[in-house]
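Enquirer: Starting off with a structure, shown below.
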Amino acid sequence: MPRNPLLEIFCGWMRPGPFFAGLIFSLLLCSLAGRWASSLDLYGDRIRFMRKISPEGYVFPTPDHVMRFVEGKAPRDRILVLVGGSSKMLGTGQKNDLLWTRFLQKDLGPDYSVVNLGVRGGQPTAFLLPMAEILEKKYPRMIVVTDETSPDWLTPNYSYFLWQCRMDGLLSRNPSRERELLHSLKNGPQFPWLYGQELLLGSLFERMTASKNLWNYLGYQYFFPVYSPLAEDVYPKDPQFAARKSVYDDEYDYDIDKKVPERFLSNLDLHLKTARETLVRLIKDPGGKRVLRDEDTSVTRFNDLIPEERDRSRYLLLNVSISPYVLSKLSPVEREDYGDALEAMNQSLAKKGFQAVRLGMDYPYEAYNDAIHLSDDGAPLMARDVAEKIRDITRNKGWSR
Amino acid sequence: MVTMNPLTPDPKSPRLVLRPVLSVCVSLILGALVGIILHQLVYRFSLPAQPFVYAAF
């Protein structure tokens, strides 16, 4: 066998003992650094989790960092208003300075701290509900605001967060959640987007090595450590490995300069279909009154997700209407039924102990950027309606006058 | 008179005295670098495999 002189020199210099000692030492040091990084309010300079600091940008904020994000913005002596859920709550399409949660903070005043945990393509279960459960003891005066959807515990792209909270022992026992987590482990191939086993292993490794905490820190402050094949096509404006701290908030950076009604015309038929599907949720009760079907998925899902023993009256669910322009394309009867359906949803949720409010139907066309997302013009309107409801809740609870 | 073979290093030369120490240091540093890379790999492979692009508009 021919000898490789370079290899011989290398082997002559290498000592297995010191090599493995160095390896173990640096692994331990990295894990300790990760524990230290977990105590930092890494995203403290941000007001929301825009896509470059979310799973869409290959950043997976850890429960520690999300907790620090909330704590950094909300002193304990204030009433915490924790907002979260989908891109409607995140304020996709709204400029940073004109974000609806900024207006909400302004409307509510200094006794409140509004924190936005909305995520793109997410559900209330993404960051919001686990965080609300964890923070309940730290913030006894807390209102949770989210949009009315039909949420599952395990949502595509954000399940890692729930697994991490679960494996870190941060959550209380919830049998329906445990069942769903176990189910995802056993039925991986049927739910390819969940990858239950992958997420379980990932959260175990994270618990041992704190690797996400450390590399998220380095990626935010100094250089981004993950190559993303999507970066050049989908996010062409920033260099591949640029520190995410230097990346601007691009949640408003879309082609949203279209005037009314052009901005509503793409997928108009699809949105009309969605609006009509809402009407199917209504039935007539024996008294002739229009009510929501008993088996309505969104009401049953919220009923499962937030057990009765929790204080449901602090959960405010927003029934944000589809854009008034899309509604104008429905017949007058359908339009009226749509409003009734949203109202019936509110009543069904109220029967289960939740707070709910309908909004958006009477807003001007300009208040929406597209069929579902509110614009800079709509942000103060939404904030005004939500602030009014929040003040009602806090007054009823005796938290404010 | 003893003459030394120029190809045989002088056992008292500092190069040979330092070699074991240097060898330990090089091994330690290399091990530490591999440890850092391993930690990064744990992070990289613990990220969910499926990319996610959400079209909001």
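Read the figures in this text as sums done on the coordinates, not as results from a lab. Predicted, not measured: the structure shown is a model, and the values here were computed from it. Glycine also receives a Cβ, built like all others from the backbone with ideal geometry; neighbour counts cover every protein chain displayed.
Enquirer: First check a/c for region A:266-314, with a ≥ b ≥ c the square roots of the eigenvalues of its C-alpha gyration tensor; if it is under 1.5, answer rounded, and if not, answer prolate when a/b is larger than b/c or oblate otherwise. Could you put the intermediate results ahead of the total?
Expert: Numbers: a/c = 3.29, a/b = 1.41, b/c = 2.33.
Oblate shape, in that a/c is at least 1.5 and b/c is the bigger or equal ratio.
Enquirer: Out of the DSSP beta bridges found with both residues in chain A, what percent are antiparallel (nearest 5)?
Expert: Values: 5 of 26 bridges.
If we restrict to bridges inside chain A, about 20 percent are antiparallel.
Enquirer: Order the peptides A:209-221, A:357-369, A:276-288 from the highest to the lowest mean number of other Cβ atoms within 10 Å of their residues.
Expert: Values: A:209-221: 23.1, A:357-369: 18.9, A:276-288: 11.6.
Ranked from most to least packed, the peptides come out as A:209-221, A:357-369, A:276-288.
Enquirer: Please find the FRET efficiency linking A:Ile24 to A:Leu98, where r is the Cβ-Cβ separation and R0 is fixed at 41 Å, and quote it to the nearest 0.05.
Expert: Details: r = 51 Å, r/R0 = 1.26.
Plugging the Cβ-Cβ distance into 1/(1 + (r/R0)^6) gives 0.20.
Enquirer: When the helices in chain A are scored as -39500 (n - 2.57) per DSSP H run of 4 or longer and the sum is shared across all residues, what 222 nm value do you end up with, to the nearest 500 deg cm²/dmol?
Expert: Rounded to the nearest 500, it is -13500 deg cm²/dmol.
Enquirer: Another question, then. Set the Förster radius R0 to 30 Å, insert the Cβ-Cβ distance between A:Asp392 and A:Lys351 as r into 1/(1 + (r/R0)^6), and round the FRET efficiency to 0.05.
Expert: Details: r = 18 Å, r/R0 = 0.59.
Once the sixth-power term is evaluated, E becomes 0.95.
Enquirer: Next up: Can you tell me the 0 to 90 degree angle between the C-alpha axis of helix A:16-37 and the longest principal axis of chain A, rounded to 10?
Expert: The answer is roughly 20 degrees.
Enquirer: Calculated FRET efficiency, A:Glu262 and A:Leu32, Cβ-Cβ r, R0 41 Å, to nearest 0.05? Let's see the in-between values first.
Expert: Numbers: r = 55 Å, r/R0 = 1.34.
So the FRET efficiency works out to roughly 0.15.
Enquirer: Right, something else. Based on alpha-carbon atoms only, what is the radius of gyration of region A:83-166 relative to the globular estimate 2.2 N^0.38 Å? Working shown, then result.
Expert: Working: Rg = 13.2 Å, N = 84, 2.2 N^0.38 = 11.8 Å.
So region A:83-166 has a normalised radius of gyration of 1.11.
Enquirer: Hey, another quick one. Are there trypsin sites (Lys or Arg not before Pro) in region A:1-93 that DSSP puts in a loop and that have at most 15 other Cβ atoms within 10 Å, and which ones? Walk me through the numbers before you get to the answer.
Expert: Numbers: sites: A:Arg3, A:Arg35, A:Arg46, A:Arg48, A:Arg51, A:Lys52, A:Arg68, A:Lys73, A:Arg76, A:Arg78, A:Lys88; in loops: A:Arg3, A:Arg46, A:Arg48, A:Arg76, A:Arg78.
Taking region A:1-93 and a limit of 15 other Cβ atoms within 10 Å, the loop trypsin sites (Lys or Arg not before Pro) found are A:Arg3, A:Arg76.
Enquirer: Hey, another quick one. Once both axes come from the Cα atoms, what is the angle between helix A:378-397 and the longest principal axis of chain A, in degrees from 0 to 90, rounded to 10?
Expert: Taking Cα atoms only, the helix is inclined about 90 degrees.
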